[in-house]
Amino acid sequence: KIKVMSNRRNNKKKIVGADEQGTLRLCVDFKECHGFYGNTKWAKPRLVVKCDLEARPGYQTCKAHEFNDEEDVLASKIKVLAKLIGKAKHVTAYTGAGISTASGINDYASKAKDSKALQRPKLKSGTLARPTLAHRVLAAMEKENLLHHWVQQNHDGLPQKAGYPQHKLNEIHGAWFDPSNPVVAMSGDLRDDLFQWMLEEEQKTDLCLTMGTSLCGMNSDRMAETPALKSFEGKALGTVIVSLQRTQMDSYAGLRIFATIDRVMELLAQELKIKYNIEDEIYEYPDAKVHGEIHWGKQCVVSGQMPILGNLYQDRSKSRYVCERAYQQLDKDEKKSYELVEGKARYEKKDVDVFAVPYDANGKLVEGQRNKQKTLLLNLQVGAKLKMTDGPFKGEEGYVWMIKKEEKHILIVVYHDIKKKYRHRQRVPERTSRLFGRWMIEAAVNGKLSRLPFVNL
């Protein structure tokens, strides 16, 4: 029994009303409150922040009111969500700015001064943000084969900082830590290869976890819309939407959850019984705590790996080296030719931050069995010259400027043609500085990038 209270700025759409106890609640159809997997007996979401402003002015959005599910309803929804994930064959996360607000990064849709999303730490720079609990749970889900792909509208690198693999992440709107993928302006064009990848994943996805996005009509919203529409035909499980605010696609949702994303993911991890990183550690590669000794300048003659991480074996001439994995694959006679190098790794300064990667001189991935002859040396030392091989800056040159002190990412400088009109439509000066994330290095070393962003000159 809802006594309807008109929205001041839109009397045609009455969305908030008081129940018999006087509690203000969302008073739209129960499917918009809970999704078509919902229960009609569940209490409708409670209004926690009232704001008559549009969430995203100029786009297809709703008012910026914020709602919360009651705890018992939220618990029931989490159980439904866990069952859906268990049934799904290809789960994709589709996330917007809302997933990162708890880390201190601004979003676009939180308008109220007392917004729950605005209760966050202050950052000196967005590039220093630490992954939220939600990022860490999603990374853990990937390790458990419960999450198969992630389309990220944000540029912040927080999925990778949480341990999510770069090669399963589509940063469709640009990335702060990939110099070949600059942030795309609202009027800009998406990168062709990333757009094609998104189209492929759109068709594979049978369950989409949509979190922290206002779903205001972006091209990438197809990731949420298509599984939802396919679910009406019994061809997919559908779309789950998690957000404090209403969206234009709520009536399409299989499950609609009104709560903070971190709270939802915390409860989901408990329900799925998966462990995630509690400590918010800074991502580093290579990391001696994880990989063991780092043998800079030493290249495995079998796999081509350089530097060799962990145990190092050398032959009697002390000129040929193999890593642990390659050593274990040798036969008994071959093993006799090598001995384990004991003690701390020894190397020269000129060998630090030089990596062997399985790509050719144009940044193209080398197919087939990897070995020393099929690798390219990628020098990331300060002053090393480079040429972009991918993205809108392809063919432009630059150099490594510095290794960032805080998180040890590589900062490069790229020189641009100011007369050129770039497809991403961002204004580009004569030169820009761009970050190359440490996880990008790891992905390159393991041949997980579809193309190397740059090569050395």
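Filtered by the rule that a residue be farther than 30 Å from Leu53 by Cβ and open to solvent by 40 Å² or more (accessible area, probe 1.4 Å), the stretch 66-85 gives Asp72, Ala75, Ser76, Lys79, Lys83. Could you say whether any residue in the stretch 248-264 is more than 28 Å from His65 (Cβ to Cβ) and either in contact with an Asp or Glu (Cβ under 8 Å, 6 or more places away or on another chain) or basic (Lys, Arg) (or both)? Within the stretch 248-264 (the criterion being more than 28 Å from His65 (Cβ to Cβ) and either in contact with an Asp or Glu (Cβ under 8 Å, 6 or more places away or on another chain) or basic (Lys, Arg) (or both)), the answer is no, since none of the residues qualifies. Picking from residues in the stretch 271-293 that are part of a helix (DSSP H, G or I) and without any contact (Cβ under 8 Å) to a residue 12 or more places away in the chain, the one that is most open to solvent (accessible area, probe 1.4 Å) is Lys289. State all residues of the stretch 360-407 that are within 20 Å of Pro307 (Cβ to Cβ), part of a loop (DSSP other than H, G, I, E, B) and of a type outside the set (D, E, K, R); if no residue qualifies, say none. Hits for the stretch 360-407 are Val366, Asn371, Thr375, Leu380, Gln381, Val382, Gly383, Ala384.
Residue count for the stretch 304-326, restricted to those that are open to solvent by 40 Å² or more (accessible area, probe 1.4 Å) and under 24 Å from Glu442 (Cα atoms): 5.
Scan the stretch 430-437 and give yes if some residue there is aliphatic (A, V, I, L, M) and at pLDDT below 90, otherwise no. Within the stretch 430-437, none of the residues are aliphatic (A, V, I, L, M) and at pLDDT below 90.
Of all positions in the stretch 230-245, at least one carries a residue that is assigned to a helix (DSSP H, G or I) and open to solvent by 30 Å² or more (accessible area, probe 1.4 Å). Of the numbered criteria (1) in contact with an Asp or Glu (Cβ under 7 Å, 6 or more places away or on another chain); (2) under 28 Å from Gln196 (Cα atoms); (3) at pLDDT 95 or above; (4) aliphatic (A, V, I, L, M), the one Leu215 fails is (3).
Filtered by the rule that a residue be of a type in the set (D, E, K, R) and under 21 Å from the mean Cα position of the chain (by Cα), the stretch 213-256 gives Asp221, Arg222, Glu225. Of Ala236, Ala224, which residue is touching a residue at least 24 places away in the same chain (Cβ under 8 Å) and in contact with a strand residue (DSSP E or B) (Cβ under 6 Å, 6 or more places away or on another chain)? Checking each option against the conditions leaves just Ala224. In the set (1) within 23 Å of Val302 (Cβ to Cβ); (2) among the hydroxyl-bearing types (Ser, Thr, Tyr); (3) at pLDDT 95 or above, Tyr347 fails one condition alone, (3).
Within the stretch 61-79, residues that are more than 26 Å from Asp221 (Cα to Cα) reach partners that are surrounded by fewer than 21 Cβ atoms within 10 Å (Cβ to Cβ) and among the aromatic types (Phe, Trp, Tyr) with beta carbons closer than 9 Å, at six or more positions or on different chains, in the pairs Glu70/Trp42; Asp72/Trp42; Val73/Trp42; Ser76/Trp42. Out of all the residues in the stretch 336-394, which are open to solvent by 90 Å² or more (accessible area, probe 1.4 Å) and among the polar types (S, T, N, Q)? Once the filter is applied, which keeps residues that are open to solvent by 90 Å² or more (accessible area, probe 1.4 Å) and among the polar types (S, T, N, Q), the stretch 336-394 yields Asn362, Gln369, Gln373. Residues in the stretch 149-198 that are assigned to a helix (DSSP H, G or I) and touching a residue at least 12 places away in the same chain (Cβ under 8 Å): Leu158, Pro159, Gln160, Lys161, Gln166, His167, Lys168, Asp193, Leu194, Phe195, Trp197, Met198.
The residue that is nearest to Lys387 (Cα to Cα), counting only those in the stretch 164-212 that are polar (S, T, N, Q) and over 14 Å from the mean Cα position of the chain (by Cα), is Ser180.
Taken over the stretch 26-42, the criterion of being without any contact (Cβ under 8 Å) to a residue 40 or more places away in the chain and in contact with a strand residue (DSSP E or B) (Cβ under 8 Å, 6 or more places away or on another chain) is satisfied by Cys27 alone.
In the set Lys89, Lys44, only one residue is part of a loop (DSSP other than H, G, I, E, B), closer than 30 Å to Asp156 by Cα and open to solvent by 50 Å² or more (accessible area, probe 1.4 Å); that residue is Lys89.
The values are calculated or read from the model by the stated rules, or taken from the named source; none is laboratory data. If you're wondering where the values come from, they're calculated on a predicted model, not measured in any experiment. So basically every Cβ, Gly included, is an ideal-geometry build from the backbone, and we count neighbours across all protein chains shown. SASA here: full protein model, heavy atoms, side chains in, ligands and nucleic acids out. Shrake-Rupley method; radii C 1.70, N 1.55, O 1.52, S 1.80 Å.
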